[in-house]
Structure formats: structure tokens, C-alpha cells
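Visitor: Got a structure for you, questions after.
Values quoted throughout were computed directly from the atomic coordinates according to the rules given, and no laboratory measurement underlies them. The structure presented is a predicted model; accordingly, all values stated were derived computationally and were not measured. Because the Cβ atoms are built from the backbone with ideal geometry, glycine has one as well, and the counts that use them run over all protein chains shown.
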Amino acid sequence: MARPDLLEIGIYSIPDAAELVGAPQASVRVWVEGHTGKQEPVIINQLGRVGDRTAVSFANLMELRFIARFAKAGVNLREIRRIMSEARETLSHPHPFATKTVFRTDGRKIVAEIARRNGLMLVYDLRSKNYEIPSVVMKSLREDVVFDPQGEAIEWTPRPKIAPNVIVHPRIEFGHPVLKGSNIPTDAIARAVKVEGSAQFVADIFEIPVRHVREAVKFEENLAIAA
């Protein structure tokens, strides 16, 4: 099988992915690599190892968002693994949680039923007369993502409340966080502010709005806290 084009699908190390989805590195490593002789990985990794490090793709990163949300909801890892595996088989897609399918009516019902059978606490929707994953959860996961015409996730805003102009896109800077429009990496902005000591000065240098500079700095500070 041909190796994916690294310029097209994004590259994230385990620490990078953990920071972005807001989960412990140790947990993300288990989700991606499994435990030798004990547990299988939860996702199908598109990349495996890049150089001497384990890396995941943007599609994998989108899956890790869901896993992190399930884990925070108190769902056992064994049950999460079953949910992911059954969803792949039922929806006939290797990475269903990186697609719009899980948000469409039929796909949402299928995922909710799979989740219910595997222990996820759901709510009963009186209008549809079906168990549903709480709408507030699905809404937050859907609204922060842009999908292409085929329904594949292609852009994510990881921290929309504090940094609405910071995105990750697999075809920009290998999928690492950048400012929307200028495509300047947020870590470069944060480093510049630290060196220069002025957000306005850095904004002038890069010819971007000062609010974008401040968003980039807040974003990087948030990642450091998440780590």
C-alpha cells in the first residue's frame, strides 16, 4: 500500500496531538499505539512512525477528539475501543469520526446506538424517539470543524473561545496551528512576542492584526497548560 502524502494529511507527534485534544500524553499514546501484549490501539494509524517517532494524521487527530470526549465522559477505554471498531465496520469507513457522517441524522443515530450498547450514558430524544449523544457534545464537536464536499474533515479550530482565528489544516504547515488567513504558525508568533516584548510590534512585523497576535499567544499558553 502506498504511503500517504505527508504534505496532504498532516503530521502530529503524540505530544502535539495530546496538547491539541486536551488529553494526557500517556492516554493518547495508548489510544494510538496500544499496550504491547495487553491492549490493541483504538485507532487505525495512517502514519505509524515518521523518522524515529510515532505520528498521526489529521484524520487520526479528529478521531482522538472523540476519544478524549468519551474518556472525559467517564466511558471505559474498552468500551471506547468497541464503539470505534463497531462504528468503522457499520459506517464502512476507516476513520468515521473524522467525517460528517457521524453528525448526519442516520449516522448520528447509528453512533448513538453503538455507544448505548457499549455503556455511554445518552439522553432520550422525545421528538426522534431515539437515544442520542447529548446535543451539546455533538454540537461543539461539529461546529469547530470544516468539512469538504465529500464530508471529510479538513479544518479544525481547536480553541474557538480563546483563539477563533487559530486553525489546524492538514495542508498548511503540516497541519500545525496557524493563524487563519496569514497561515503564520502560532508558535512563531508566540516566540516573537516573547523576544520583542510587544504584541503590537510583532503585529507590525508580520503585518497582521494585533488581536491575532494576542490570540496566538493565548493559544500557545493554553497548549502549555494542557501539556
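Visitor: For Glu155, list long-range residues whose amide hydrogen, built 1.01 Å from N in the peptide plane, is under 5 Å from its own amide hydrogen.
Guide: The answer is Val146.
Visitor: By how many nm would the segment from Glu8 to Ile172 lengthen if fully extended, with 0.36 nm per residue of separation less the alpha-carbon distance?
Guide: On the way: separation 164, 0.36 × 164 = 59.04 nm, distance 0.85 nm.
Length difference between fully extended and current span is 58.2 nm.
Visitor: Once you list every other residue whose beta carbon is under 15 Å from the beta carbon of Asn222, what net charge do they have if Lys and Arg are +1 and Asp and Glu are -1?
Guide: Values: positive: Arg159, Lys161, Arg214, Lys218; negative: Asp16, Glu19, Asp144, Asp187, Glu215, Glu220, Glu221.
Net local charge, Asn222 excluded: -3.
Visitor: Consider all pairwise Cα distances in the stretch 40-87 and report the whole-number % of them above 13 Å. It would help to have the intermediate numbers written out before the result.
Guide: Values: 654 of 1128 pairs.
Above the 13 Å cut-off, the stretch 40-87 has 58 percent of its Cα pairs.
Visitor: Within 10 Å of each candidate Cβ there may be at most 11 other Cβ atoms; applying that plus a DSSP loop requirement, which trypsin sites (Lys or Arg not before Pro) in the stretch 1-96 survive?
Guide: Details: sites: Arg29, Lys38, Arg49, Arg53, Arg65, Arg69, Lys72, Arg78, Arg81, Arg82, Arg88; in loops: Lys38.
Listed in order of number, the matching sites are Lys38.
Visitor: Still on this model: With +1 on each Lys and Arg Cβ and -1 on each Asp and Glu Cβ, how big is the dipole of the stretch 135-227 about its Cα centre, in debye rounded to the nearest 20?
Guide: Numbers: 11 positive and 13 negative charges, 58 e Å.
Approximately 280 debye in magnitude.
Visitor: What distance in nm lies between label points placed 7 Å from Cα along the C-beta direction at Asp52 and Lys38?
Guide: So the two model labels end up 2.5 nm from each other.
Visitor: Separate question: How many nm separate the modelled label positions at Ile162 and Arg191, each set 7 Å beyond the Cα in the direction of the Cβ?
Guide: 2.1 nm
Visitor: Let me ask another. Once amide H atoms are built 1.01 Å from N in the peptide plane, which residues 5 or more positions from Tyr12, or in another chain, come under 5 Å H to H?
Guide: Distant-sequence amide H within range of Tyr12: Val56.
Visitor: In nm, give the distance between the simple-model label positions of Val210 and Glu79, each being 7 Å from the Cα along the Cα-to-Cβ direction.
Guide: In this crude spin-label approximation the distance works out to 5.0 nm.
Visitor: Now, a different point. Given that compact globular proteins tend to follow 2.2 N^0.38 Å, what is the ratio of the alpha-carbon Rg of the stretch 142-203 to that value?
Guide: Values: Rg = 13.3 Å, N = 62, 2.2 N^0.38 = 10.6 Å.
Dividing the Cα Rg of the stretch 142-203 by 2.2 N^0.38 Å gives 1.26.
Visitor: What are the residues whose amide H is under 5 Å from the amide H of Val50, where those residues sit 5 or more places off or on another chain and H is modelled from the backbone?
Guide: For Val50, whose amide H was placed from the backbone, the distant partners under 5 Å are Ala55.
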